[in-house]
Amino acid sequence: MDKNQLSRPTETVLRPCERKVTVPNPNPERLGVYPVAGGLDIAVVAPHATAVDFCVRSDFGNERTEERWTLMGPYHGVWHGHVEGLGAGTVYGFRAFGPWDPDGGLYYNPSKLLLDPYGRAIEGSPDLSPALHAHHVDHEMYPSTYPLAQSNLNSALHAPHSVVTSGGFEIVDHPNVPADETVVYELHVKGFTKNFPDIPEELRGTYAGLAHPSVISYLKSLGVTTVELLPVHAKMDEPFLTERGLTNYWGYNTLSFFAPEPSFATKAAREAGPQAVVDEFRGMVSLLHSAGLEVVLDVVYNHTCEGGDGGPTVSWRGLDSLMYYRRMPERPRTMLDDTGCGNTLNFSEQRVVQMTLDSLRYWVEEMGVDGFRFDLATTLGRLDTGFTPYHPFFVALSTDPVLRERKMIAEPWDVGLGGWQTGNFPIPFSEWNDRYRDSVRTFWLTDFQQMAAGRHAPGPNDLATRLSGSTDMFWRRNGAERLPTASINFVTAHDGFTMADLTMYDHKHNLANLEDNQDGTNNNHSWNHGIEGTTGAAGIATDVGDPEGLVEDIAFVRERSQHNIMATLLLSCGTPMITAGDEFGRTQYGNNNAYCQDSPISWVDWDLRKPQKKLLSMTRYAIGLRAAHPVLRPNKFASGIIAEGDVIPDVSWFARDGKPIAPDAWSDPYNRVFQMRRSGFEFDDVDALVVFNGTMNVAEVTLPPNRGEHWVLVYDTSWLDIKIGGITSAETAHLEGRVFPEETTFRMEPQSMLIYFSTDRK
């Protein structure tokens, strides 16, 4: 017997077909279960089923009963009905009857209790039991027979149940932050709040904790506008993680597209029941909205938790596996896997598209969220012929009256054929820009690693393209002119090294994942600056040797590198995304795939050392500059020409001598000192000048002309401490001696960035 059964109630099952639904659902196309007029309206899709039972669970002490009603249908593939006397709080599932034909892609098995694909809340969690599989499995949960043999084990005691919820929660209105003002901040609900100071212990790691006044105060002081939450859809841990004592911490293994993950709710909410969990999430969104902060969800519609052909049957597989999942046309028993997760949802099917759209609308209309980041979004645009930006799902998104005004962010790749599609998504999508990520890492890290080894590094051509909004990828694609904000500029994300780890590790250190360090990418574009590992305060080595007394120097240069990367990110044309903790140099100790680490490796450490505090001050300062000056966040691509009424081009590029860069110099490895001037004319703003020294030497630089006005130095990454050098106004600059005539020549620190404003306006 499963050890977990010892504490579970015994089950008394009322036999199928003991009751039949005699009253139809008047609106069978409204899928799901809804409290209506003293009863429940029920509708579920199962087009190949011969019968579907609606199963209601009741607990009486140590005895659990299950009452079943056979639904009416099918109506266009929908089984439906109305059951009187039930309402919000009803705990339920479905049992589906039909052909057992794994070779044909069908796994009907009425002994398996199935979650409602539209269920709004979940009670219980799946456990590692053979009963969750529609077929016989061995003790390691692998199929024990081929062809697959039907299992008659009842899964009800091992499976989660859907719960009927009610509405009526009034969400505070969307902040509707303009695209050009958006600064995205990616975080994990638990990891961000687990150790956050001033949060009461009972709220740490929860939705309520994320909405605590101390957290909101921090986010507002940082200057970000939009929090992007790693998956909060209810999830299921993979068996191989459970066996190792690990969990799917990131949550990219969806159990329900409508229900929030219960483990992120407070203990009080969980004890009060699933409705309280849903309302806690709604309350979190409302409190963040009241502070002017948007909430974007990282959503996983590309696959489900049911895995490959031999995976468990908890919902979609048992209702209609042939409809929900992509399969090999010539071999229906074999699932196509464009996600690397065992299965791929079939966006060639109308009902899959409908479910996804209904889910998105629900999270906007009833849960209050402001947008979505679509994991492996290429999958959502796949037809049998491959990816297309004209996929019906994308067309539906762009025309839906509820969704078209929300933020839509694509992770523009998957692991299938032709999976890399960066720049090819249609309006209204923005896209994670991996080319930007790699370019910034390369310029500030691996190029310097090459130079430290006595080799040449490339010129600034690629970095300049990324600074300009990646016009090569986003301007005039698919017959439409997109905006710079279509590029989500990021250097790090949850997946990969943190920003600090990029400067401390050449290699991944993932042994804690118990996969022999074989997981995670080897292509990190990182540089440890000479010593592998972290360093502590005052240059004292914490987990590395220091054979030549180099740690102090290395710590300083690492700080400079982090400042350069963060400043570049926040001053580039496009939409910046910061990963939580990068603003002060959080480390994951070299783990670049912490998906299974519900541990201090992933939890943000808020006990900041002095260098971390300096980086935090710099990040706040740079975000503030970006917010105050539209010239740093242009809402259209620059053309390099002079606009009517202006006297300088909208963007200009200069060499170290203040002269325009020659065309053949862009790829010149000796031309790694360059200047970018942006005109503020069209924004009624100052002009901006950003100067880069991408060499290991002090450089003599001559400021370019502007309008005959002076240049005001407002930031230098070599300062490291904003309290020392940060200047926001011309008046202060005059006092500090940081106002310079055009064509002034000065010495610039190696491996650094400068930001100047003109004095002609503001």
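Below is a table of values for the structure above.
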| item | result |
| --- | --- |
| Residues located in region 282-332, provided they are under 18 Å from ARG120 (Cα atoms), aliphatic (A, V, I, L, M) and within 26 Å of the chain's Cα centre (by Cα) | MET284, VAL285, LEU297, VAL299, VAL300, VAL314 |
| Candidates THR334, THR304, THR313, THR339, filtered to the one that is in contact with a strand residue (DSSP E or B) (Cβ under 9 Å, 6 or more places away or on another chain), modelled with pLDDT under 95, of a type in the set (Val, Ile, Thr) and not in a helix (DSSP H, G or I) | THR334 |
| Helices (runs of 4 or more DSSP H) within region 155-255 that include 2 or more residues at pLDDT 95 or above | 189-193, 207-210, 213-222 |
| Residues (in contact with a Phe, Trp or Tyr (Cβ under 8 Å, 6 or more places away or on another chain) and surrounded by 23 or more Cβ atoms within 10 Å (Cβ to Cβ)) located in region 84-97 | TYR92, PHE94, ALA96 |
| The lone exception for SER151 - which of (1) out of contact with any Ser or Thr (no Cβ under 9 Å at 6 or more places or on another chain); (2) over 30 Å from ASP582 (Cβ atoms); (3) polar (S, T, N, Q) it fails | (1) |
| Some residue of region 134-151 being closer than 27 Å to VAL21 by Cβ and buried (at least 21 other Cβ atoms within 10 Å of the Cβ) | yes |
| Pick from region 546-579, criterion out of contact with any Lys or Arg (no Cβ under 7 Å at 6 or more places or on another chain), modelled with pLDDT of 95 or more and not in a helix (DSSP H, G or I), ranking: nearest to ILE755 (Cα to Cα) | CYS573 |
| Residue ID - farthest from ASP103 (Cα to Cα), chosen from residues in region 157-169 that are surrounded by fewer than 19 Cβ atoms within 10 Å (Cβ to Cβ) and either among the hydrophobic types (A, V, I, L, M, F, W, C) or in contact with a helix residue (DSSP H, G or I) (Cβ under 8 Å, 6 or more places away or on another chain) (or both) | PHE169 |
| Count - residues of region 470-508 that are basic (Lys, Arg) and either modelled with pLDDT of 95 or more or in a helix (DSSP H, G or I) (or both) | 1 |
| Given (1) touching a Phe, Trp or Tyr at 6+ places or on another chain (Cβ under 9 Å); (2) not in a helix (DSSP H, G or I); (3) not aliphatic (A, V, I, L, M), number of the condition ASP605 does not satisfy | (1) |
| Filter pass, ASP646 being surrounded by fewer than 22 Cβ atoms within 10 Å (Cβ to Cβ), more than 27 Å from the chain's Cα centre (by Cα) and either over 25 Å from ARG747 (Cα atoms) or among the hydrophobic types (A, V, I, L, M, F, W, C) (or both) | yes |
| Among the candidates GLY318, GLY308, GLY292, residue that is within 28 Å of HIS139 (Cβ to Cβ) and in contact (Cβ under 8 Å) with a residue 60 or more places away in the chain | GLY318 |
| Residue check for PHE387: at pLDDT 95 or above, more than 26 Å from GLY292 (Cα to Cα) and surrounded by 19 or more Cβ atoms within 10 Å (Cβ to Cβ) | yes |
| Unmet criterion (only one of (1) out of contact with any Cys (no Cβ under 8 Å at 6 or more places or on another chain); (2) under 25 Å from SER667 (Cα atoms)) for ILE531 | (2) |
| All helices (runs of 4 or more DSSP H) inside region 395-469 with 1 or more residues being within 30 Å of VAL691 (Cβ to Cβ) and within 17 Å of the chain's Cα centre (by Cα) | 434-441 |
| Filtered residues of region 169-227 (kept if of a type in the set (A, V, I, L, M, F, W, C) and without any contact (Cβ under 8 Å) to a residue 40 or more places away in the chain) | ILE199, VAL215 |
| Out of VAL701, VAL631, sole residue that is more than 38 Å from the chain's Cα centre (by Cα), buried (at least 16 other Cβ atoms within 10 Å of the Cβ) and either in a strand (DSSP E or B) or β-branched (Val, Ile, Thr) (or both) | VAL701 |
| Every pair of residues 6+ apart whose Cβ atoms lie under 6 Å, when the first sits in region 437-449 and is closer than 20 Å to THR575 by Cβ while the second is of a type in the set (D, E, K, R) and assigned to a helix (DSSP H, G or I) | SER439/ASP462; SER439/ARG466 |
| Answer from HIS289, HIS303 - the residue that is buried (at least 24 other Cβ atoms within 10 Å of the Cβ) and either within 25 Å of LEU187 (Cα to Cα) or not basic (Lys, Arg) (or both) | HIS303 |
| Residue tally, condition within 13 Å of VAL691 (Cβ to Cβ) and either of a type outside the set (S, T, N, Q) or assigned to a helix (DSSP H, G or I) (or both), over region 662-676 | 4 |
| Those residues of region 58-67 which are surrounded by fewer than 20 Cβ atoms within 10 Å (Cβ to Cβ) and either modelled with pLDDT of 95 or more or part of a strand (DSSP E or B) (or both), in sequence order | SER58, ASP59, PHE60, GLU63, ARG64, THR65, GLU67 |
| Count of residues meeting criterion [hydrophobic (A, V, I, L, M, F, W, C), out of contact with any strand residue (DSSP E or B) (no Cβ under 6 Å at 6 or more places or on another chain) and surrounded by fewer than 22 Cβ atoms within 10 Å (Cβ to Cβ)] in region 414-444 | 3 |
| Region 224-254 - residue that is farther than 24 Å from THR313 by Cβ and not hydrophobic (A, V, I, L, M, F, W, C) and, of those, surrounded by the most Cβ atoms within 10 Å (Cβ to Cβ) | GLU228 |
| Residue match in region 622-635 (condition: on the phi > 0 side of the Ramachandran plot and either of a type in the set (Asp, Glu) or at pLDDT 95 or above (or both)) | no |
| Flag for ASP101 being surrounded by fewer than 21 Cβ atoms within 10 Å (Cβ to Cβ) and within 24 Å of PRO312 (Cβ to Cβ) | yes |
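The values are calculated or read from the model by the stated rules, or taken from the named source; none is laboratory data. Quantities reported herein were computed from a predicted structural model and do not represent experimental measurements. Glycine gets a Cβ as well: all are built from the backbone with ideal geometry, and neighbour counts include every protein chain shown.
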